[in-house]
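Notes follow once the structure below has been shown.
The values are calculated or read from the model by the stated rules, or taken from the named source; none is laboratory data. Since we're looking at a predicted model, the values are computed, not measured. Please note: Cβ atoms are built from the backbone with ideal geometry, for glycine as well, and neighbour counts cover all protein chains shown. These area figures cover heavy atoms from the full protein model, side chains too; ligands, DNA and RNA do not enter into them. Shrake-Rupley method; radii C 1.70, N 1.55, O 1.52, S 1.80 Å.
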Amino acid sequence: MLSTATWVANLRGWRRAALAFSLGALSVLAFAPVHAWPVLFLTFGGLVWLLDGCHAVDAARGVKLKCAAFNGFWFGFGYFLAGLYWVAEAFLVEPWRHGWLVPFVMTALPAAMALFYAAACALAITMWRPGGGRIFALAIAFGLAEYARGHVLTGLPWNLIGYGLLPEGPLMQLAAPFGVYGLSLMAVLIFAAPAATWSAEGGFSKGTAAFAVAFLFALGVGYWWGDRRLAAATVEETGVRLRIVQANIDQANKWRPENSAEIFADYLDLTSSAGLDQIDLVIWPETAVPFLLADTQEALEAIGGALPPDTSLLVGSARLVEERDEAGRLETTRIYNSLLVIDGNGQVIGHYDKIHLVPFGEYLPFQDFLESLGFMQMTGVRGGFSEGAGPRFLAVPGAPPASPLICYEIIFPDDVVDANARPGWMLNITNDAWFGSSAGPYQHFHQAQVRAVEQGLPVVRAANTGISAVIDPYGRVLAEIGLGEKGLIDAGLPKVGQKTLFVRIGSALEVVILALAIAGWLACGWHVGKGKVRKNLS
């Protein structure tokens, strides 16, 4: 092991970049749909050894910083290229319009995200110390980087490192007390420690080995606790009966005008399947039909005719709002990506407008200027979608209030429920048809499971092409329609779970975890300093 650590630390130039890139790309195997999370012991261990090589360079601090940032960038580029490759699928839905952008997007997006890991490694090298101190340095730096990439600009907390610790089952329960941001820092400690026991500079470190054993023991305790938590968990229902409709409409065909009536009829036929009289809520996915449903009276009447009087429909649809002055003159037209509540009479009685829009997908930065140059976001809506005003709280007839989440709004751990009112469930409608049968829809679904555990709330998910499901407050899938399948789910709405520690304390707990890691780093520095004093005295 020592010889491997020395070999990695001594790599230079393109070989160092190639190894960093490969380690980053391999890390993605830890996430859905593979969940081969032990690979992170290899990849973060290798990153520690690469940074050991930067620290060992007999040069000015600036050179070490450059070396560390170089390693972090290539590690991140591999990580995000492999983890976000499926984004290219969206540009190939209409290749004549967007296909030419694929090489640019799949270079620029991973490169931009990799800057967070470059900054993390640069910060880590400023804190680098022999022995166990360096694993705390790396964990602190990556913990901060993961939080930053979830919040800077619009944020994109996709495939946070903490998800590697959260495969379905006992380990997923760790999200309830710690949350995925806190677990991202803890994951780096756990995965980096075993390999960090050896270093090219210091050989085998007993102190670091003790940390590795302690962290692995803690992981084992976490698994045992999660297993006990699941064993004690019971599934109770509210009495509300749901029907989730997954029509499996191909994205390339969805917006062709000649298909509009057929798509709507398909949803109505599935909705009207046997047993509808026992259903309280029917749920269709994001932008289920390719027209403005709230403004199409004929469609609303057809829905009212299909639904029993006491049954409501929750459906994703674009929503047009015209703003006029006092004289009735049109001032502004806005388009929202919305969730509509339609009662058994076909009347729209409520709505939620998506708050967290996808940049370049639903709107463009500097929208008017870029449109004047001929650019258009993926959805092709002139002027882009408008941001909803909230709140993220939706009254639902005959059911507990819901926290509505459209598409990737569910991936933001700190923003899935209204801060002033706890809902009875989370409703996630999405259209993952953009991404085909790639890893993207599986990763999206896994993150929805983790939100359920973090919040102690059931998640009901309706996806155009999958994965639609009912998930209990422990992340367990109670009913599911797989990716690329057509069908429906009839299931009960689970009851709300207990408030988790993450809900009760939230970001304060993340600060505590960071503070403990800093304390560990300081303690390692004190130990190293004390050892040097003893050596000098002798």
task = Could you tell me what percent of the accessible area of the chain is made up of carbon and sulfur, with a 1.4 Å probe and every protein chain present?
result = 61 percent
request  = Multiply the residue gap between A233 and L65 by 0.36 nm, knock off their C-alpha separation, and tell me the result in nm, one decimal place.
outcome  = 55.6 nm
query = Which are the unpartnered cysteines of the chain, meaning those with no other cysteine Cβ under 4.7 Å from their Cβ?
reply = C121, C407, C524
task = Report, in deg cm²/dmol and to the nearest 500, the calculated mean residue ellipticity at 222 nm for the chain, where each DSSP H run with n ≥ 4 adds -39500 (n - 2.57) and the sum is divided by the residue count.
result = -15000 deg cm²/dmol
message = If R₀ is 35 angstrom, what is the calculated FRET efficiency for the pair I349 and L153, using the beta carbon separation as r and rounding to 0.05?
response = 0.45
Per-residue SASA entry for E362, accessible area with 1.4 Å probe, Å² rounded to 10 = 10 Å²
query = Among rounded, prolate and oblate, which fits the stretch 1-115 when a ≥ b ≥ c are the square roots of the eigenvalues of its C-alpha gyration tensor, a/c under 1.5 means rounded, and a/b larger than b/c means prolate?
reply = oblate
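Where in the chain are the DSSP H helices whose alpha-carbon span along the long axis reaches 30 Å or more and whose Kyte-Doolittle mean is at least 0.5?
61-83, 102-126, 206-232, 507-537
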task = Would you calculate the separation in nanometres between label points at A111 and D310, each defined as 7 Å from the Cα along the Cα-to-beta-carbon direction?
result = 6.1 nm
ask   = With each label point set 7 Å from Cα along the Cα-Cβ vector, what nm distance links A210 and A302?
value = 7.2 nm
query = Residues of the chain: accessible area per residue at 1.4 Å, in Å²?
reply = 41 Å²
inquiry  = What does the C-alpha gyration tensor say about the overall shape of the stretch 261-348? Classify as rounded when a/c is under 1.5, otherwise prolate if a/b is larger than b/c, or oblate.
reply    = prolate
query = What is the antiparallel percent of DSSP beta bridges lying wholly in the chain, to the nearest 5?
reply = 65 percent
Correct choice for semi-axes √(5λ) of the Cα gyration tensor in Å that was computed from the model, options (1) 38, 25, 24; (2) 59, 36, 18; (3) 46, 26, 19 = (3)
query = Order of 6-15, 38-47 by packing, highest average Cβ count within 10 Å first?
reply = 38-47, 6-15
key: Mean separation of Cα contacts under 8 Å (6+ apart) over length of the chain, as relative contact order %   = 15 percent
remark   = So for the stretch 141-196, using the alpha carbon gyration tensor with a ≥ b ≥ c as root eigenvalues (a/c under 1.5 gives rounded; past that, a/b versus b/c decides prolate or oblate), I'd call it oblate
task = Run the numbers on the stretch 102-152 and let me know its relative contact order in percent, using alpha-carbon pairs under 8 Å that are six or more apart.
result = 39 percent
request  = Could you tell me the number of lysine pairs in the chain with C-alpha atoms less than 22 Å from each other, where the two lysines are 8 or more residues apart or belong to different chains?
outcome  = 5
